[in-house]
Amino acid sequence: MKTSMSLRGSFLRTALFALPLVILPFTAGAASLSINDNTPSAGQATICDGGDSSADLIVDSVDWGSGGCAQVVSNGATFSETWIDLGAVTPSSGTLFFSADGGSTAYSEVQYTYSTSGGTGQISGILLTSFADDTIADLTSANPGSTVIDGFSTSFDNAYITAGYSSPSTPEPSTLLLAGCGIIGVITRFRKRSA
């Protein structure tokens, strides 16, 4: 009698422990979306999925799957990614302008929207990499609530996804001028020693 009670208790404990594993067969992993503006002046960028098995990257209507990267050359590339979020995504949207000259002109823009269907999260958006000489003031007045990033990277994460933008820093003209003067000075000094 004692043995059957302990077996029943053991079975009950095992069943209670295993129940969450049956109810939640999938766990939400952290998805990843990265936008790398490789050559801002040429309008080239790469949009990549971080390789989470539950995520799916689509760029300009082409499915790049999990872990895919799309090289974008056209201005106005559309992107979307879906992942398991267990209903935790906070629906939101934003517009980010990127400037590297103290905030007067933009070199890239990312517009994005987060949504959830209760179990699957989605980010969708557009990447603009060339402008018709619009200043940041013009762009932000036309897009209320937008954010200006004076620099080369930022993140716009949500539940179970890390999303970010980065661009290689481009030397400012004054930096190039200073480096050029240094090189000319070294060459001049070397020539005087040789003579």
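FYI, it's all coordinate maths here, none of it is from the lab. Just so we're clear, the structure is a prediction, and the values are computed from it rather than from any experiment. Every residue, glycine as well, gets a Cβ built from its backbone with ideal geometry; the counts of neighbours run over all protein chains shown.
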TODO: Quote the FRET efficiency, to the nearest 0.05, computed for SER166 versus LEU86 with a Förster distance R0 of 22 Å and r equal to the Cβ-Cβ distance.
DONE: 0.20
Task: Model label zone, THR135; criterion: amide N under 16 Å from point 7 Å along Cα-to-beta-carbon; scope the stretch 85-99 - done: 99
- [ ] Extending each Cα 7 Å along its Cβ direction at THR78 and SER117, get the distance between those two points in nm, one decimal.
- [x] 1.7
Task: Length released on extending from THR46 to ILE184, taking residue separation times 0.36 nm less the Cα-Cα span - done: 46.0 nm
